[in-house]
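Undergrad: Here you go, one structure.
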Amino acid sequence: MPAIINFLQQTGFYMFGQDGNGKCLIMIAISFILMYLAIVKGFEPLLLLPISFGMLCTNLPGADMFHEILFAGGHVHWDLFGGTPVTASFIAEMSESGVSDAVLAPYFQQLLASAQEAFGADTIQQVASEVMAAAGGTISEFTAQAQAVAQAEQAAAVYGMELAGPTVNLGLLDVLYLGVKLGIYPCLIFMGVGSMTDFGPLIANPKSLLLGAAAQLGIFMTYVGTQLLGFTSQESSSIGIIGGADGPTAIFVTTRLAPHLLGPIAVAAYSYMALVPVIQPPIMKALTTKEDCEAREAGAFLAAVARAHQDTDCSLAFLAGGETVVHLTGKGLGGRNQELALAAAPALAGLKHCCVFSVGSDGTDGPTDAAGGYVDGETEAALRAAGRDVYRTLADNDAYHALQAVGGLIMTGPTGTNVNDVAVVLAE
């Protein structure tokens, strides 16, 4: 029976009820939610899945995968990684620097027992009381005890004795966490995100760069807010970087200014960015209308898609449906599909085996007899040869005559149906 009880007491289920481990259940539940969002919903799986898996492993009681003392005080203690025993002097130094007692206490008990055995429990307690009195009560009882044991450790060394200190058995997450502390992961994340990012929309509409700059406003707003909540300047700076929607930078700044907040800041930053697909749609619906898709912008965007995929190993077709809007600024002739196609011509210039065309399903586009327009990599040069400038033509809303001059009109005649406009990008 004792063997069975001992076995049950070593299980994680039993440990959840010990030493405040019940809080781990909350973090494990959050990790499962993040896993669900990453795997089932597909919300930033490259970010959320590693984060949630790390949260799960770290919060499994008794797993012993992560030892915070190895990184106490915001530094990597390589001597402990190498198997050097934890000393009382180290415990006292870390306690004075503000490291949590909960981090140091598990390693201090063995040192305290050794000091009490060597010098007597009353002696150690007396020294701790003297240390506390000398500090005027400005230090915690734990720090006073740590300094008392550190003095005992020094006295023991004079007589050729050593206080038996514990060693740290490395866990999987201890090794993986080195990538954060040494700044390896932020660089890898930057390169990975950069190589996977499609900059086509930005190239098509450079004005959107201002949206990225505006995001930095969140840094200062968050900094002010956290200052009002009582955080230090270093902590506020680390938390504020989250407002810039930049995970690697948030990690880097936090490791330098507030390493004790690295865990929650990393989770908050990447969870926030991964949940953008959930956060953005209601905001976009609230701030936009169905008539906000400008034909010129749509054409430039589709051309950027073609340019981004021009060197693929297979033929690709991208389809877009809906109806764009034309804001009249001139007195020319055309329709939304013709204007969309003409706006794509500059970005397609010089490209081979790529084209963009857009048509109305009813066979008519605006007050014209054309269904839409077609452009490819040679259209802009042909327009220049015909004495037409694309941008001036767009400003005059005269896409019909421009495309007519280069054979870019699509003529189908009435189709007898009216479903939608269809824009197509072909690339190979």
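Undergrad: All but one of (1) among the charged types (D, E, K, R); (2) out of contact with any His (no Cβ under 8 Å at 6 or more places or on another chain); (3) within 22 Å of F81 (Cβ to Cβ) hold for E130, so report the exception by its number.
TA: Going through the list (1) among the charged types (D, E, K, R); (2) out of contact with any His (no Cβ under 8 Å at 6 or more places or on another chain); (3) within 22 Å of F81 (Cβ to Cβ), E130 breaks only (3).
Undergrad: Would you point out the residue of the range 314-348, among those that are in contact with a Lys or Arg (Cβ under 6 Å, 6 or more places away or on another chain) and in a loop (DSSP other than H, G, I, E, B), that is surrounded by the fewest Cβ atoms within 10 Å (Cβ to Cβ)?
TA: Applying the filter and picking the extreme gives V326.
Undergrad: What's the number of the condition L25 fails, among (1) free of Cβ contacts under 8 Å to residues at least 40 places away in the same chain; (2) in contact with a Lys or Arg (Cβ under 6 Å, 6 or more places away or on another chain)?
TA: All conditions are met except number (2).
Undergrad: Also: What are the residue pairs meeting all of these: first residue in the range 354-380, first residue at positive phi, second residue surrounded by fewer than 21 Cβ atoms within 10 Å (Cβ to Cβ) and not β-branched (V, I, T), Cβ atoms under 7 Å, and 6 or more apart or on different chains?
TA: What qualifies is G363/G413; G363/P414.
Undergrad: Same structure, new question: Could you please give the count of residues in the range 397-428 that are surrounded by fewer than 18 Cβ atoms within 10 Å (Cβ to Cβ) and either farther than 24 Å from L351 by Cα or of a type in the set (D, E) (or both)?
TA: So the answer is 11.
Undergrad: Let me spell it out: the conditions are (1) in contact with an Asp or Glu (Cβ under 9 Å, 6 or more places away or on another chain); (2) surrounded by fewer than 16 Cβ atoms within 10 Å (Cβ to Cβ), and A386 meets all of them except one. Which number is the exception?
TA: Among (1) in contact with an Asp or Glu (Cβ under 9 Å, 6 or more places away or on another chain); (2) surrounded by fewer than 16 Cβ atoms within 10 Å (Cβ to Cβ), A386 violates only (1).
Undergrad: Now for a different question. Based on this model, can you work out whether A370 counts as of a type in the set (G, A, S) and either within 14 Å of L426 (Cα to Cα) or assigned to a loop (DSSP other than H, G, I, E, B) (or both)?
TA: yes
Undergrad: What is the residue count in the range 71-98 for residues that are under 18 Å from G263 (Cα atoms) and surrounded by fewer than 20 Cβ atoms within 10 Å (Cβ to Cβ)?
TA: Of the residues in the range 71-98, 5 are under 18 Å from G263 (Cα atoms) and surrounded by fewer than 20 Cβ atoms within 10 Å (Cβ to Cβ).
Undergrad: With the checklist (1) over 23 Å from the mean Cα position of the chain (by Cα); (2) part of a helix (DSSP H, G or I); (3) at pLDDT 85 or above in hand, flag the one item K207 doesn't pass.
TA: For K207, the failing item is (3).
Quick grid of which residues meet (1) in contact (Cβ under 8 Å) with a residue 40 or more places away in the chain; (2) among the small types (G, A, S):
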residue: S114; (1), (2): yes, yes
residue: I124; (1), (2): no, no
residue: G137; (1), (2): no, yes
residue: Y159; (1), (2): no, no
residue: D174; (1), (2): yes, no
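Undergrad: Can you tell me which residues in the range 129-168 are closer than 24 Å to H77 by Cβ and of a type in the set (D, E, K, R)?
TA: Hits for the range 129-168 are E153, E162.
Undergrad: Return the residues of the range 286-306 that are basic (K, R) and at pLDDT 85 or above; say none if nothing qualifies.
TA: R296 - this is the single residue of the range 286-306 that is basic (K, R) and at pLDDT 85 or above.
Undergrad: Still on this structure, please answer the following. Determine, yes or no, whether G137 is surrounded by fewer than 12 Cβ atoms within 10 Å (Cβ to Cβ) and over 30 Å from G240 (Cα atoms).
TA: yes
Undergrad: Among the helices (runs of 4 or more DSSP H) confined wholly to the range 16-106, which include 1 or more residues that are of a type in the set (G, A, S)?
TA: 22-39, 45-58, 88-96
Undergrad: F231 versus (1) surrounded by 14 or more Cβ atoms within 10 Å (Cβ to Cβ); (2) over 30 Å from L342 (Cα atoms); (3) in contact (Cβ under 8 Å) with a residue 12 or more places away in the chain; (4) not acidic (D, E): which is the lone unmet condition?
TA: So F231 meets the others, but not (3).
Undergrad: Also: Looking at (1) assigned to a loop (DSSP other than H, G, I, E, B); (2) crowded, with 17+ Cβ neighbours inside 10 Å; (3) out of contact with any strand residue (DSSP E or B) (no Cβ under 7 Å at 6 or more places or on another chain); (4) touching a residue at least 24 places away in the same chain (Cβ under 8 Å), which one does T393 not meet, given that it meets all the others?
TA: (1)
Undergrad: For residues that are assigned to a helix (DSSP H, G or I) and in contact with a strand residue (DSSP E or B) (Cβ under 7 Å, 6 or more places away or on another chain), scanning just the range 300-313, find the one that is surrounded by the fewest Cβ atoms within 10 Å (Cβ to Cβ).
TA: In this case the residue turns out to be V305.
The values are calculated or read from the model by the stated rules, or taken from the named source; none is laboratory data. What you are looking at is a predicted structure, and each value in this text was computed from that prediction instead of being measured. Methodologically, a virtual Cβ is constructed for each residue, glycine included, from the backbone with ideal geometry; neighbour enumeration extends over all protein chains shown.
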